Amino acid sequence: MIDRYTTKEMSKIFSLKNKFSKYLLVEKEVCHYLYKNNVISEDVYLKILKDAKFDLKGIQELEKETKHDVIAFTRNVSSYLGEEKKWIHYGLTSTDVVDTASAVIYKEANKVLMKRMLEFKDALKEKALAYKYTPCIGRTHGIHADITSFGLKWCLYFDEFNRDFARFLIAKAEIETGKISGAVGTFSLLPSNCQDFVCTCLGINSSNISTQVLQRDRHSFYSSCITVFGSLLEKIALEIRNLQRTEVHEVEEYFSKNQKGSSAMPHKHNPIGSENICGCARMLRGYNVAILEDNALFHERDISHSSVERIALADSIILFDYMLQRMTSIIKNLNVYPENMLKNISLTNNVIYSQYVMTRLIEKGFSRENAYDLIQPMAVKAYEENIDFFDLLRKNPTVLSAISIDELDNFKDSTFKKLDIDTIYKRVGL
């Protein structure tokens, strides 16, 4: 991932140094098992524990010759050891080390993501509570539909977050899984309790069965979960972009004192953060397609998944981390304009109250069809000819035969009060 979208935490986690450090950690834990089970002496184990190390430059030089990064790694580590070097990589295949080390790296990354997610959740909750009773227009198909609460938008996002978070916890546990089962997964040289021992020491799960590789359904599910989670960020970003449009202007991304919106037009305040999130979400979906194809491999393994994971899976995690951090900042610093929300509610000459008037007529004995056909022409006339909808209602004898002037005058004030906002918040857990 390019530096622009990589946080300091993720840069360190997905660095080559950390990767090979985790490779070495796996190798040492296997030696730990061998010592515990009297295969190697305490002296040998302690020498390995003390002296086994690596240097990146040495590994890279060896890889030019071997064309194999794990062999380059083990030979570089062995160069720092004496006779005890024969126990490095004993009974292992490359993917025992790579997949198990990767699980530890994913665990580190997931810890950062969990922190970001909870910060994001707090930002959603804050907005939901702050604007719980702030009226705004609800839109369907982009057209004014009915009154809602601005807080309900954030309440909805909060509820979706909880589903995304629950899925992530399942995927997190699945991808934090290791294997030390040998060349084709049969435990032919090291017993299954070695795998269990190593994984326990590393704080990850031990797979029930594997081939030479862990099955990539775990990685596919994990990638899908963060991609779907990313679509929630995109959903919020798209809403902000729409609400920031000049004609709407109900919200606006924070614009710092010396920030510039356009090289040509000094007046511009653009929702660049939200636009960035939408673009990043597209990248996540693109990466996810490639990762989904990794589960089907030749027989007990091939390495067609390897290049995808080195690029797409690592980049997805790094990008998702960036997205969470940036979206949280956008939400926390979002400028909200309730006064413009009120203006927009009245923008269509009050035709948005047509449903309530129609429903009241039905309650008074009208058929639905007759009520609909009575109200629709007046609503259209009000909208198209810039006439107040209630003025037309007050002049219609059929309407007045069922609904009094006082009741018509009370529609605008009473409509928002009828919204069952408190119940919705309780259902969501806010």
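The values are calculated or read from the model by the stated rules, or taken from the named source; none is laboratory data. Keep in mind that this is a model prediction, so the values were computed, not measured. Cβ sites come from the backbone with ideal geometry, for glycine too, and all protein chains shown count toward neighbours. Surface areas here come from the heavy atoms of the whole protein model, side chains and all, with no ligands, DNA or RNA. Shrake-Rupley method; radii C 1.70, N 1.55, O 1.52, S 1.80 Å.
Observations
Residue-by-condition table, conditions (1) surrounded by fewer than 21 Cβ atoms within 10 Å (Cβ to Cβ); (2) modelled with pLDDT of 95 or more; (3) under 20 Å from residue 274 (Cα atoms); (4) of a type in the set (Phe, Trp, Tyr):
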| position | (1), (2), (3), (4) |
| --- | --- |
| 302 | yes, no, no, no |
| 313 | no, yes, no, no |
| 316 | no, yes, yes, no |
| 324 | no, yes, yes, no |
| 329 | yes, yes, yes, no |
| 334 | yes, yes, yes, no |
| 339 | yes, yes, no, no |
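- Just one of the listed residues (295, 349) is under 30 Å from residue 396 (Cβ atoms) and either aromatic (Phe, Trp, Tyr) or not in a helix (DSSP H, G or I) (or both), namely 349.
To keep it simple, each residue is scored yes or no on (1) touching a Pro at 6+ places or on another chain (Cβ under 6 Å); (2) assigned to a loop (DSSP other than H, G, I, E, B); (3) of a type outside the set (A, V, I, L, M, F, W, C).
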position	(1), (2), (3)
344	no, no, yes
354	no, no, yes
357	no, no, no
365	no, yes, yes
382	no, no, no
390	no, no, no
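To keep it simple, each residue is scored yes or no on (1) at pLDDT below 95; (2) outside any helix (DSSP H, G or I).
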{"residue": "234", "(1), (2)": "no, no"}
{"residue": "242", "(1), (2)": "no, no"}
{"residue": "255", "(1), (2)": "yes, yes"}
{"residue": "263", "(1), (2)": "yes, yes"}
{"residue": "267", "(1), (2)": "yes, yes"}
{"residue": "270", "(1), (2)": "yes, yes"}
{"residue": "273", "(1), (2)": "yes, no"}
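- Per the conditions (1) open to solvent by 50 Å² or more (accessible area, probe 1.4 Å); (2) polar (S, T, N, Q); (3) not in a loop (DSSP other than H, G, I, E, B), the sole criterion not satisfied by residue 100 is (1).
- Those residues of segment 172-198 which are among the hydrophobic types (A, V, I, L, M, F, W, C), in contact with a Lys or Arg (Cβ under 8 Å, 6 or more places away or on another chain) and crowded, with 16+ Cβ neighbours inside 10 Å, in sequence order: 175, 197
- Subset tally (residues that are aliphatic (A, V, I, L, M) and either open to solvent by 20 Å² or more (accessible area, probe 1.4 Å) or under 20 Å from residue 196 (Cβ atoms) (or both)) for segment 82-97: 2
- For the residues 55, 146, 96, the requirement of being touching a strand residue (DSSP E or B) at 6+ places or on another chain (Cβ under 9 Å), farther than 30 Å from residue 426 by Cβ and of a type in the set (D, E, K, R) singles out 96.
- Cβ-Cβ contacts under 7 Å between residues 6 or more apart (or on different chains), taken from a first residue in segment 97-122 that is within 15 Å of residue 174 (Cβ to Cβ) to a second residue that is of a type in the set (Ser, Thr, Tyr), are listed as 103/177.
- Residues being in a helix (DSSP H, G or I) and open to solvent by less than 20 Å² (accessible area, probe 1.4 Å) - total across segment 23-53: 9
- First in segment 348-367 and open to solvent by 40 Å² or more (accessible area, probe 1.4 Å), second anywhere and outside any helix (DSSP H, G or I), Cβ under 6 Å, 6 or more apart: 360/403; 364/402
- For segment 49-74, the set of residues classified as hydrophobic (A, V, I, L, M, F, W, C) and farther than 19 Å from residue 180 by Cα consists of 49, 52, 54, 56, 59, 62, 72, listed by residue number.
- Neighbours by Cβ (under 9 Å, 6+ apart or cross-chain): first from segment 305-318, over 19 Å from residue 230 (Cα atoms); second surrounded by fewer than 21 Cβ atoms within 10 Å (Cβ to Cβ) and not aliphatic (A, V, I, L, M): 305/293; 305/295; 308/293
- Verdict on residue 194 being in contact (Cβ under 8 Å) with a residue 40 or more places away in the chain, farther than 14 Å from residue 95 by Cβ, part of a helix (DSSP H, G or I) and touching a strand residue (DSSP E or B) at 6+ places or on another chain (Cβ under 8 Å): no
- Scanning segment 392-425 for residues being assigned to a helix (DSSP H, G or I), more than 19 Å from residue 342 (Cβ to Cβ) and polar (S, T, N, Q) gives a total of 2.
- Residue 209 vs. criteria open to solvent by 10 Å² or more (accessible area, probe 1.4 Å) and either part of a loop (DSSP other than H, G, I, E, B) or among the aliphatic types (A, V, I, L, M) (or both): yes
- Among residues of segment 411-425 that are over 15 Å from residue 359 (Cα atoms), those with a Cβ under 9 angstrom from a residue that is among the basic types (Lys, Arg) and not in a helix (DSSP H, G or I), sequence gap 6+ or separate chain, pair up as 421/132; 422/132; 425/132.
- Taking segment 234-253 as the range and being within 22 Å of the chain's Cα centre (by Cα) and surrounded by fewer than 19 Cβ atoms within 10 Å (Cβ to Cβ) as the test, the residues that pass are 235, 238, 239, 242.
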